[in-house]
Amino acid sequence: MQHSILLLFLILAGISTLVFTYVYVSSKKVNDTEQGMVNPLRKRFWFLLILFVILGIFASVTIPKSPYYLYENENPFRVVHVAAMQFSFLLSNNAIDPKNPAGDPAIELPVNKLIEFRVTSLDVNHGFGIYDKSNKLIAQTQAMPGYVNRLRWKFTEPGNYTILCLEFCGMAHQSMRSSFTVK
Ligand SMILES: [Cu+2]
């Protein structure tokens with residue numbers, strides 16, 4: 001996945017370098033015998049047309065692969081309710097009452113089943129980032145007051161997963177962490 005993103009980036013960088021080089025080189029070629037602005041305007045038209053076609057192709061290929069559509073046609077096997085606040089996360093198997101917020105002390109999730117995290121915040125914007133045991137970020141969403149963001153994920157490996165805040169939310173932001181187990 002990371003290699004294909006790097007490859008895509010290199011191809012895009014190559015294409016844009018070629019385009020800019022072409023525009024730069026051709027901008028010096030207009031000689032006095034050519035009439036007025038017809039030639040440069042036509043070049044600009046083709047440049048913009050090709051640019052929009054390329055952008056359109058990349059958008060139509062990449063947008064459907066956005067993580068927001070992951071498992072959208074499956075029913076989640078388990079729902080975990082998450083409330084973020086300065087400076088901790090509450091995780092619960094049941095809906096969390098904002099007036100009397102409480103979480104479950106230990107969350108255990110099954111491996112290879114669809115889990116839906118319903119993430120909100122009780123005060124300011126926070127991030128909800130799930131890290132595996134090698135501290136690699138594997139899924140994330142924002143925790144926003146007044147909204148519930150649904151994050152769907154299947155954990156393919158058992159183990160202990162760490163949750164960290166991804167949004168600088170105050171003086172003790174770096175101490176905001178929680179965890180759960182996948183078995
Ligand atoms: Cu934070």
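Read the figures in this text as sums done on the coordinates, not as results from a lab. Note that this is a predicted model, so its numbers are computed, not measured. Note: ideal-geometry Cβ built from the backbone for every residue, glycine included; neighbour counts use all protein chains shown.
All other residues whose Cβ lies under 13 angstrom from that of HIS173 are scored, Lys and Arg at +1 and Asp and Glu at -1, for a net of -1. Given q = 0.15, 0.21, 0.23 Å⁻¹, what are the Debye log10 I(q)/I(0) values for region 74-182, with equal point scatterers placed on the Cα positions and solvent ignored? The Debye formula, applied to the Cα set alone, gives -0.56, -1.14, -1.37.
Mind checking the angle between helix 38-62 and the chain's longest principal axis? C-alpha axes, 0 to 90 degrees, to the nearest 10. That helix lies at roughly 20 degrees to the long axis. Rounded to the nearest 500, the helix-only mean residue ellipticity at 222 nm of the chain stands at -10000 deg cm²/dmol, with each DSSP H run of n ≥ 4 adding -39,500 (n - 2.57). Springs between Cα atoms under 10 Å define the GNM used for the chain, and in it the highest mean-square fluctuation of GLU74, GLU167, GLU116 occurs at GLU74. Sorting the segments 51-60, 84-93 by their residues' average number of neighbouring beta-carbon atoms within 10 angstrom, most packed first, yields 84-93, 51-60.
Under conditions of 20 °C and 1.002 mPa s, the chain yields 107 µm² s⁻¹ as its translational diffusion coefficient, taking Rh as the Kirkwood radius over Cα pairs in the Stokes-Einstein equation. Just checking the listed ones, ARG42, ARG152, ARG78: in the Gaussian network model of the chain with Cα springs under 10 Å, the one fluctuating most is ARG42. Against the chain, whose longest principal axis is taken from its Cα atoms, helix 2-27 shows a tilt of about 20°.
Considering only ASN94, ASN39, ASN149, the mean-square fluctuation computed in a Gaussian network model of the chain, springs between alpha carbons under 10 angstrom, is largest for ASN39.
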